[in-house]
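The values are calculated or read from the model by the stated rules, or taken from the named source; none is laboratory data. The model shown is predicted, which means the values in this text are computed figures rather than measured ones. Glycine gets a Cβ as well: all are built from the backbone with ideal geometry, and neighbour counts include every protein chain shown.
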C-alpha cells in the first residue's frame, strides 16, 4: 500500500474495497393489492368493510352491462325532456342524465382494461428484474472467486 491510506495499490484492491461496500443482500419485493388496501383503509374491521364495499360497487358499476342499464334509465326521461321543447331542458337532460349516467361505467371499464395491462407489465417486469438480480448475485460470486484466484497467484508469484 502507498503512504496514503485511502488509496489502493492495484485496481483489484480498489475493486474489492468497492465490492465490500455494495449491498448484496437486497431482496426484491412484490407489492400486492392487499398491502395497498391496508395502507388506504387500514386493517381494522371498518377499514376492511369500507374497502370491500368500495371494490364491490366499483366492480358492479364498472361493467358495460351497467352502462347499458344506465342508458335505458336515461332514455326513460328523454320523452319528457323533448315534450318540454326547451333547448335548456334538452341540454340539461343530455349533460345530467345521459352523459353522467352512461360515461361513468364506460370510463371505469376503460380504466379496468388499462389497469389490467399495467398489472401484467408490472408482473413481467418484476419477474425480469428478479431474474436479473439473481444473475447479478451469481456474477458477483464468480468475480469474488476470480479475485481469490488472482490474490493466490499474486502471492505465489511474489509481486
By residue number, the members of the stretch 102-125 that are surrounded by 12 or more Cβ atoms within 10 Å (Cβ to Cβ) and farther than 30 Å from residue 71 by Cα are 122
I'd like to check which helices (runs of 4 or more DSSP H) are fully inside the stretch 1-119 and have at least 2 residues that are modelled with pLDDT of 80 or more and under 23 Å from the mean Cα position of the chain (by Cα). 45-61
Unmet criterion (only one of (1) loosely packed, with under 12 Cβ neighbours inside 10 Å; (2) more than 30 Å from residue 60 (Cβ to Cβ); (3) at pLDDT 90 or above) for residue 144: (1)
Just to be sure, is residue 129 exposed (fewer than 13 other Cβ atoms within 10 Å of the Cβ) and touching a residue at least 24 places away in the same chain (Cβ under 8 Å)? yes
